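S.K.: Can you keep this structure in mind? I'll have questions shortly.
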Amino acid sequence: MRKPVSVAFMAVAALALQAWTPAGAAGTSTYRSTSHPVLFVHGYNGAASNWDTMAGRFRNDGWPASHLDRWQYDSRQSNATTAQQLAAEVDRLLAATGASKVDIVTHSMGGLSSRHYAKHLGGSEKIDAWVSLAGPNHGTDAAESCFDASCHDMRFGSDFLTTLNSGDETPGSPRYATWWSPCDTFINPDSSVSVSGAANRQTACIGHSTFLTDATVYAQVRDTVNS
């Protein structure tokens, strides 16, 4: 069901102070020797800088800068193409850090290319935890208003989504988790975010972009990837 934009706007305003909560306030998990490097994947029309707040909080909780990869890519291209590039970036990050696996944290459309990587390009063997924040995992009507290849992928019933969601939606050994908000005006319907076999969690009434800065969401993501 589509929500009025004003609802999401008021929710963001009401929670603005929450985004400035100290990183460790909502949990106690910090970096340890068994923690994996984190690869952040932005969404449509996004950028690596979208992750500045969340990456900063990970640093405050002990993750070294070398283990926080805010990846940039062309979000207009097909998600299948992005998945191939993501595979190369994962290998680069593993080689640079000496880690055996990565944790992938995604926002919005970033969940699609990373799921394609996990399901079709052998990525499930290299991912420990996969996180989707406000992901159009089963499509969104917002994709009807844009016309790039990636937009077509996000439309209901697209070939890309049909293939991605056929059979097992959470293949292999990664720990899959999603977060969705009832006030997200860009992902419609809300149920699109949840993935069968994943830990699917509802947030407070926050807007689509606020997933990137909300302190409570951060603490939950951090504790999930570090468990």
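S.K.: Hydropathy first: keep DSSP H helices in the chain averaging at least -1.0 on Kyte-Doolittle, then drop any whose Cα extent along the axis falls short of 24 Å, and list what survives.
M.R.: Values: long enough: 79-97 (26 Å, 0.12).
Helices meeting the span and hydropathy rule in the chain are 79-97.
S.K.: If you rank Glu125, Glu144, Glu169 by how much accessible surface each has, with a 1.4 Å probe, what is the order from largest down? Walk me through the numbers before you get to the answer.
M.R.: Numbers: Glu125 140, Glu144 95, Glu169 30 Å².
Descending accessible area places them as Glu125, Glu144, Glu169.
S.K.: Another question about this same structure. May I ask you to compute the full-extension gain from Thr81 to Asp141, defined as 0.36 nm times their residue separation minus their alpha-carbon distance, rounded to one decimal in nm? Before the final figure, lay out each step's value.
M.R.: Working: separation 60, 0.36 × 60 = 21.60 nm, distance 2.24 nm.
Stretched out fully, the Thr81 to Asp141 stretch lengthens by 19.4 nm.
S.K.: What does the C-alpha gyration tensor say about the overall shape of segment 41-121? Classify as rounded when a/c is under 1.5, otherwise prolate if a/b is larger than b/c, or oblate.
M.R.: Details: a/c = 2.17, a/b = 1.28, b/c = 1.70.
Oblate.
S.K.: Which length gain, in nm to one decimal place, applies between Ser227 and Ala47 when the Cα-Cα distance is subtracted from 0.36 nm times their residue separation? Can you show the working numbers first?
M.R.: On the way: separation 180, 0.36 × 180 = 64.80 nm, distance 2.76 nm.
Once the chain is fully extended between Ser227 and Ala47, it gains 62.0 nm.
S.K.: Give me the accessible area per residue for the chain, probe 1.4 Å, as a whole number in Å². Spell out each step's value before the answer.
M.R.: Working: 9320 Å² over 227 residues.
For the chain, the solvent-accessible area averages 41 Å² per residue.
S.K.: Would segment 159-227 count as rounded, prolate or oblate if I go by the C-alpha gyration tensor, calling it rounded below 1.5 in a/c and otherwise prolate when a/b exceeds b/c, oblate otherwise?
M.R.: Numbers: a/c = 2.60, a/b = 1.25, b/c = 2.08.
Here segment 159-227 falls in the oblate category.
S.K.: Quick one: with all protein chains in place, what share of the accessible area of segment 169-227 is carbon or sulfur, to the nearest percent (1.4 Å probe)? Mind showing how you got there, number by number?
M.R.: Working: 1050 of 1930 Å².
Reported share for carbon and sulfur atoms: 55 percent.
S.K.: Okay, next question. Taking square-rooted eigenvalues a ≥ b ≥ c of the alpha carbon gyration tensor, is segment 78-227 rounded, prolate or oblate, where a/c under 1.5 means rounded and, failing that, a/b exceeding b/c means prolate?
M.R.: Taking the square roots of the gyration eigenvalues as a ≥ b ≥ c, segment 78-227 is oblate.
The values are calculated or read from the model by the stated rules, or taken from the named source; none is laboratory data. Here the structure is a predicted model, which means the values were calculated and not measured. Calculation scope for accessible area: heavy atoms of the full protein, side chains included, ligands and nucleic acids excluded. Shrake-Rupley method; radii C 1.70, N 1.55, O 1.52, S 1.80 Å.
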